[in-house]
Amino acid sequence: MTLFKNLTLAVLIFFALSCNAENITIKEVQALEIAGQYTEALEKIKELSNTENDETRYQAIFLQAMIYRKQDLYEKSISTLNFIEKQFFLTEIRKYELYREIGINYRSISKLALAEDFYLKALDSAQSMNKPNLIAQTYNNLGVVADHRNLLAQSMQYHLKAYELLKGTDQYEKQGANFYNLGDISVRLGDKENAEYFFQQALIADKASKELRNVAGTALRLGELKFKNSKADEALLQINEAIELLRQLDARVSLSRAHRTAALIYITKSELDSALTEALSAIEYATQTSSTLQQFYAFLTELEVRLARAELKEAKTLLPTLDKLIKIEAAEVLQEKYHHLKAQALALDGNFADAYQFMYSAAELQSNIHADYLQKQVSTYKASIDALIQSQELEKAQAKQAITEINLKNAKLSTQMWLVTAIAVFLMGTFFIGFFIAKHRSATLKAKMYQSNIAQKDKMLADISHELRTPLSVLKLHIEAMEHNLIDDSTIAYAKINNKINQLNDLISNVYQLSQADHNALVIHPQLYDAKTVIQSYVYDVERLVTSNKLQFIADIHVDDMDIHIDKPKLDRVIDNLAKNACLYTDVPGKVRFKAVVNKFGFFLQVDDSSPGVLEREQNKLFERLYRVEASRSRATGGSGLGLSICKSIVEAMNGTIRLKSGKFGGLCIQINLPHAVDSNYK
């Protein structure tokens, strides 16, 4: 009887536990995880992992791995995910989720090669399911890994692929991440205009997704960028929006950063009382964190405010705290900033000897930082070149594979054609013969097009590689010479290095713009401008460039008093490219004319020059990428062969037209027609 009671009790307990597990749902655990209640969520997961329902067990253990990652327990998360791979049957969607999550963990511990491997596995699964949103998400992940590896060109390509798949969808969180990453790459490429646009689009998408943490983070980043772009009032509005959101999240590190940026904005606006209030708020939040870096930045900002207010006594009280923190955060960039401000404080106190020492130290640190920056830029550009080459090689391999498939199809069609011909002798089926001949010709034409495409890519790859590697080699030689003290005048050396860096930046930026055009991602941001002011600024800029090249400048201007709706930064680039082209390819003494007609009928621009000209049969080829009338001409004069191609992409994105013809001075004449208003949704 006792044995029977015990068995009955055991069955009841098991039944109760089973019922308890069934009463807990995955959605409830997910809600705990989203709320950051990780301990409670893990307790519930233990109960769910005992259920007999395979899907519930899988989701519970997968959620457990995600929580471990969010707790920074990356190895534990990877171990849990490996357990899932061994214990569960993996459908394609499970493979995608699993491999992507493993990739995220490896990226978090900087094992980037492994992260890339698992992201590529996830991409295979997403593509096999033909799920555009999952493919786009994986491209975003791959882009982040490439970015961490300083492969900016490859990173940009991945993110642009994601952009193509996501636009027009309701995948707002993924869109936000994509735009944010594109903005980050644009910042690193020095393209501030596009960076600001991408971060604005990221903010719109984040708000649509209602992910508060993402909205706050993007708003803060956009505010910081607007400040760097000298838009103090816009930056302040954005930073204040970020602060309101960050307070709801109690994100103290980010709050300290936001208040610090606000303080610096108020300094530029000479509103020093507000600057001090913001600096003190930055310190308040920073001291509530364990981040000595945030604390250092916060106290450094207060020091800058105190010096701006000429409050020497208060400034001096901050120095012991900063001296202590700088020993922990010993990065040269922090030391340089601190030594510069400390020198100011000592000079105000009359201690000129120590002030000189700290100013000298700041100058030395700045020199080291600059040299290190140049080294990193060289490495980044070299990595970008290698990634670009690999990408082109992959595209070539894919094109060759396509040619092989077409040739096989062609051979099969040939066999079929002869068979049909034999039948047609008896059936008089002329129609069928014609049909197969047409298909045969179509397949042959496709193969030729692929072969032509490969040849063009080979040439472009060789030209871009050469254009990038030449200044890289010069940079490397100059840096090595400076490292071994082989150059007496470092100022001249730095000037030459900066010149080569600018050359590389221009070329990388050009490739970036063309890549955007290829992916229909060249976005126009029109604004209202006074026509006369715009054209006068162009006359001034073009005249300076032309006269500095010892050429005669001619202005032919007919502008009515009216407003025009244009994307001025992009039009600036077009005019700059055309003016530089004219100066590069005009013999001295020669002339360059800038013509502008703006009235109610249209908006017309023209740049033409004197000899030498370009043969009519070669004029349209000038719009082709890296095309040169003479193989060595552009290189000898400093051109890359991409300028006119970029001009064409920008003008067409503005709904305009651009054409070439022989000019009346014996050189080349380039004419542009634009509408008064540019549609921002055109591309």
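Spot the failing condition for Gly223; the list is (1) surrounded by 24 or more Cβ atoms within 10 Å (Cβ to Cβ); (2) farther than 10 Å from Ala258 by Cα, and only one is missed.
Failing condition for Gly223: (2).
From the list Gly190, Gly183, Gly176, pick out the single residue that is closer than 21 Å to Met156 by Cα and either of a type in the set (A, V, I, L, M) or surrounded by fewer than 16 Cβ atoms within 10 Å (Cβ to Cβ) (or both). Working first, answer last.
Numbers: Gly183 fails: either of a type in the set (A, V, I, L, M) or surrounded by fewer than 16 Cβ atoms within 10 Å (Cβ to Cβ) (or both); Gly176 fails: either of a type in the set (A, V, I, L, M) or surrounded by fewer than 16 Cβ atoms within 10 Å (Cβ to Cβ) (or both).
From the options Gly190, Gly183, Gly176, the qualifying one is Gly190.
What number of residues within the range 136-173 are of a type in the set (Ser, Thr, Tyr) and closer than 18 Å to Arg107 by Cα?
Of the residues in the range 136-173, the ones of a type in the set (Ser, Thr, Tyr) are 138-139, 155, 158, 163, 169, 172.
If we keep only those that are closer than 18 Å to Arg107 by Cα as well, we get 138-139, 155, 158.
Qualifying residue count, the range 136-173: 4.
With respect to Asn581, is the statement that it is touching a strand residue (DSSP E or B) at 6+ places or on another chain (Cβ under 9 Å), of a type in the set (S, T, N, Q) and in contact (Cβ under 8 Å) with a residue 60 or more places away in the chain true?
On the way: touching a strand residue (DSSP E or B) at 6+ places or on another chain (Cβ under 9 Å): yes; of a type in the set (S, T, N, Q): yes; in contact (Cβ under 8 Å) with a residue 60 or more places away in the chain: yes.
Judged against the criteria, Asn581 is a match.
Only one residue in Val592, Val607, Val678 is touching a helix residue (DSSP H, G or I) at 6+ places or on another chain (Cβ under 9 Å), buried (at least 17 other Cβ atoms within 10 Å of the Cβ), modelled with pLDDT under 65 and aliphatic (A, V, I, L, M), so which one is that? Let's see the steps before the verdict.
Numbers: Val592 fails: modelled with pLDDT under 65; Val607 fails: modelled with pLDDT under 65.
Just one listed residue meets the conditions, Val678.
Just a yes or no: is a residue in the range 243-264 β-branched (Val, Ile, Thr) and closer than 18 Å to Ala308 by Cα?
Yes.
Just give me the residues in the range 229-271 being in a helix (DSSP H, G or I), out of contact with any helix residue (DSSP H, G or I) (no Cβ under 6 Å at 6 or more places or on another chain) and buried (at least 18 other Cβ atoms within 10 Å of the Cβ), in sequence order.
Scanning the range 229-271 gives Arg257, Leu264.
Which of the residues that make up the range 292-320 are more than 38 Å from the chain's Cα centre (by Cα) and aliphatic (A, V, I, L, M)?
Hits for the range 292-320 are Ala310, Leu312, Ala315, Leu318, Leu319.
The values are calculated or read from the model by the stated rules, or taken from the named source; none is laboratory data. Predicted model, so just to flag it, every value in this text is computed and none were measured. Here Cβ is always computed from backbone atoms with ideal geometry, including for glycine, and neighbour counts include all displayed protein chains.
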